[in-house]
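Trainee: My structure is below; once you've seen it, I'll send some questions.
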Amino acid sequence: MSVGHTLLGLLEKGPRHGYDLKRAYDERFGHDRPLHYGQVYSTLSRLLRNGLVQVDGTEAGGGPERKRYAITDAGVTDVDAWLGTPEKPELYLQNTLYAKVVLALMSGRSAQGVLDAQRAEHLRLMRALTRRKDGGDLAEQLVCDHALFHLEADLRWLELTAARLDELREAGA
């Protein structure tokens, strides 16, 4: 995910401090991978340098001055271009799980064991995502659905691979 573009998109609602941006990002997008404050401020510094945000004011507090950032017209244009550009679909051709199955077959270890362990982990994660989805708002439901659909595709691959293990073993995978 492009953190810079996401922060710009959040700034379109109105000027915010770095702390507020981090909180908004984490609430909406960072459940599994919250931003570090350093990443927020280094990203804001880069966006400021590139003319995509501007300082909209500062406030004195108990510590350093708090800067409030606002998106510029160039920032809005940049978000428009980013939103209009499709993401490259990930093909997963260099997948760690695939490598584990092949290496298990090559070494005489149990490729079925690798697949079974992965299936169990996928199912555990799918149950957790389903609970999260059931308790979430519409945006949370959408992100969980996205992850669940990917996990379902992985499960189909696990089943197909399990059905082909003998053939793969004979082919010297």
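The values are calculated or read from the model by the stated rules, or taken from the named source; none is laboratory data. Here the structure is a predicted model, which means the values were calculated and not measured. Cβ atoms come from the backbone with ideal geometry, glycine included; neighbour counts cover every protein chain shown. Accessible surface areas use protein heavy atoms only, side chains included; no ligands, DNA or RNA. Shrake-Rupley method; radii C 1.70, N 1.55, O 1.52, S 1.80 Å.
Trainee: Show the residue pairs that are 6+ apart or on different chains and have beta-carbon atoms under 7 Å apart, the first residue being within the range 78-90 and under 24 Å from residue 147 (Cα atoms), the second being open to solvent by less than 70 Å² (accessible area, probe 1.4 Å) and not aromatic (Phe, Trp, Tyr).
Mentor: Once the first residue is under 24 Å from residue 147 (Cα atoms) and sits in the range 78-90, its partners that are open to solvent by less than 70 Å² (accessible area, probe 1.4 Å) and not aromatic (Phe, Trp, Tyr) give 82/2; 82/5.
Trainee: Of everything in the range 20-77 that's among the charged types (D, E, K, R) and touching a His at 6+ places or on another chain (Cβ under 9 Å), which residue is farthest from residue 144 (Cα to Cα)? Give the steps one after another, and end with the answer.
Mentor: Going residue by residue through the range 20-77, those that are among the charged types (D, E, K, R) are 20, 22-23, 26-28, 32-33, 46, 49, 56, 59, 65-68, 73.
Filter once more, so that each one left must be touching a His at 6+ places or on another chain (Cβ under 9 Å): 22, 59, 66-68.
Details: 22: 21, 59: 38, 66: 35, 67: 34, 68: 32 Å.
Filtering the range 20-77 for residues that are among the charged types (D, E, K, R) and touching a His at 6+ places or on another chain (Cβ under 9 Å), the one farthest from residue 144 (Cα to Cα) comes out as 59.
Trainee: Further question: When you scan the range 1-84 for helices (runs of 4 or more DSSP H) that lie fully inside it, which ones turn up with 2 or more residues that are under 30 Å from residue 135 (Cα atoms)? Can you show your working first?
Mentor: On the way: elements: 3-11, 18-28, 37-49, 73-84.
Answer list for the range 1-84: 3-11, 18-28, 37-49.
Trainee: Any residue at all in the range 10-23 that is in contact with a Gly (Cβ under 8 Å, 6 or more places away or on another chain) and crowded, with 18+ Cβ neighbours inside 10 Å?
Mentor: The answer is yes; a qualifying residue exists.
Trainee: With the condition kept exactly as written, say whether any residue in the range 128-148 is more than 30 Å from residue 8 (Cβ to Cβ), of a type outside the set (S, T, N, Q), modelled with pLDDT under 90 and loosely packed, with under 15 Cβ neighbours inside 10 Å.
Mentor: Here is the first cut: in the range 128-148, the ones more than 30 Å from residue 8 (Cβ to Cβ) are 128, 130-131, 134.
Now narrow it down to the ones that are of a type outside the set (S, T, N, Q): 128, 131, 134.
Now narrow it down to the ones that are modelled with pLDDT under 90: none.
Within the range 128-148, none of the residues are more than 30 Å from residue 8 (Cβ to Cβ), of a type outside the set (S, T, N, Q), modelled with pLDDT under 90 and loosely packed, with under 15 Cβ neighbours inside 10 Å.
Trainee: Show the residue pairs that are 6+ apart or on different chains and have beta-carbon atoms under 9 Å apart, the first residue being within the range 103-125 and within 22 Å of residue 150 (Cα to Cα), the second being open to solvent by 40 Å² or more (accessible area, probe 1.4 Å) and assigned to a loop (DSSP other than H, G, I, E, B).
Mentor: Cβ pairs passing all conditions: 116/110.
Trainee: If you take the residues in the range 48-69 that are modelled with pLDDT of 90 or more and touching a Phe, Trp or Tyr at 6+ places or on another chain (Cβ under 8 Å), which one is most open to solvent (accessible area, probe 1.4 Å)? Working first, answer last.
Mentor: Residues of the range 48-69 modelled with pLDDT of 90 or more: 48-56, 67-69.
Imposing the further condition that a residue be touching a Phe, Trp or Tyr at 6+ places or on another chain (Cβ under 8 Å) reduces the set to 48, 53-56.
Working: 48: 66, 53: 5, 54: 91, 55: 63, 56: 68 Å².
Filtering first and then ranking leaves 54.
Trainee: Need pairs with beta-carbon distance below 8 Å; first residue free of Cβ contacts under 8 Å to residues at least 12 places away in the same chain and within the range 14-26, second surrounded by fewer than 16 Cβ atoms within 10 Å (Cβ to Cβ); sequence gap 6+ or separate chains.
Mentor: Once the first residue is free of Cβ contacts under 8 Å to residues at least 12 places away in the same chain and sits in the range 14-26, its partners that are surrounded by fewer than 16 Cβ atoms within 10 Å (Cβ to Cβ) give 26/34.
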